1. Can you give the relative contact order of the range 1-128 as a percent, counting alpha carbon pairs under 8 Å and 6+ residues apart?
2. Before rounding to the nearest 500, sum -39500 (n - 2.57) across all DSSP H runs of length at least 4 in the chain and divide by the residue total; then give [θ] at 222 nm in deg cm²/dmol.
3. If you average 1/r over all unlike Cα pairs in the range 33-112 and invert the result, what Kirkwood radius do you get in angstrom?
4. List 117, 25, 172 from most exposed to least, where exposure is judged by having the fewest other Cβ atoms within 10 Å.
5. How much length would be gained if the chain were fully extended between residue 222 and residue 15, taking 0.36 nm per residue of separation minus their Cα-Cα distance, in nm to one decimal?
6. Find the relative contact order for the chain and round it to a whole percent, using C-alpha pairs within less than 8 Å whose residues are 6+ positions apart.
7. Once you have the alpha carbon radius of gyration of the range 73-155, what is it after dividing by 2.2 N^0.38 Å, with N set to its residue count?
8. Normalised radius of gyration for the range 65-105, please: alpha carbon Rg relative to 2.2 N^0.38 Å, two decimal places.
Ligand SMILES: NC(=O)c1ccc[n+]([C@@H]2O[C@H](COP(=O)([O-])OP(=O)(O)OC[C@H]3O[C@@H](n4cnc5c(N)ncnc54)[C@H](OP(=O)(O)O)[C@@H]3O)[C@@H](O)[C@H]2O)c1
């Protein structure tokens, strides 16, 4: 079962899917094996990505299933070759449109999407700065994942820290978190900068914040910024080509895949709480069967 920050957002209200209500099975995507099927083209033993929810067995409509190849390790089907990888790929390349030599900043940089965004931006020849919580995560980004620099957003004045770390300004900001981190990045954006609005994990857990990023609307005008929201499915027509390129980068050792696999159905609630608290490095998932 894939653990996603969005699991929490679905409990807050309607998003790109309808809101979860008390008493519903907790929703969530999973890598699953077909055990029984009356649908043409699906036979027992087939692997699929399915919205099974948090349960060991699920009866789901064949229409909502994506068949998957059997490759090793299977966990990559939920990380780099799953929603996380495609979100990083399309959000960065289609919305961020980075050019070699530009500065790219990504938040939740040690997470599932963030680790991949930073590495893809490096492959494209950019200077890459990650924003993450804590010195340990920041060290990992530069030491093991090839980021040029990392900034701990919990350590103080992020706007000032980004100014020091990105002396040429930010050309592309890949926003996974919204809120104060978005505000700090917007003030450091260059003329004609692009913001790929991927998610707002800082807003998913708890009451709505009292205000949004401050001083920003005028700044968007004068800097001629483009802020583009996207949902990964928007780009699924190009999915096969994207997966082929991601696979080549993994095979060539250019893309390091970090995964965080927990065990057992009982681990699921704690795994989501921990994800929102920043326990994970890379793609968090729970193996339940
Ligand atoms: N648009 C799409 O199609 C799409 C698809 C998939 C995911 N997403 C979005 O992508 C983002 C990343 O999701 P993910 O599932 O890959 O999770 P993730 O990045 O693996 O984990 C979430 C991370 O967010 C950080 N975080 C939590 N609260 C924060 C806060 N208040 N401020 C800053 N950072 C905070 C934590 O790291 P720290 O220790 O660094 O705080 C945590 O590890 C989410 O916003 C998600 O909704 C969007």
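1. In percent, rounded to a whole number, it is 15.
2. Mean residue ellipticity at 222 nm (helix-derived): -8000 deg cm²/dmol.
3. Result for the range 33-112 stands at 15.2 Å.
4. Least crowded to most crowded, the residues run 25, 172, 117.
5. Additional length available on full extension: 71.4 nm.
6. 19
7. Compared with the compact-globule rule of thumb, the range 73-155 sits at 1.04.
8. Cα Rg divided by the expected 2.2 N^0.38 Å: 1.50.
All of the numbers you see were taken from the coordinates with simple rules; none came from a lab. Every value quoted in this text rests on a predicted model; they were computed, and no experiment measured them. Every residue, glycine among them, receives a Cβ derived from its backbone with ideal geometry; neighbour counts consider all protein chains shown.
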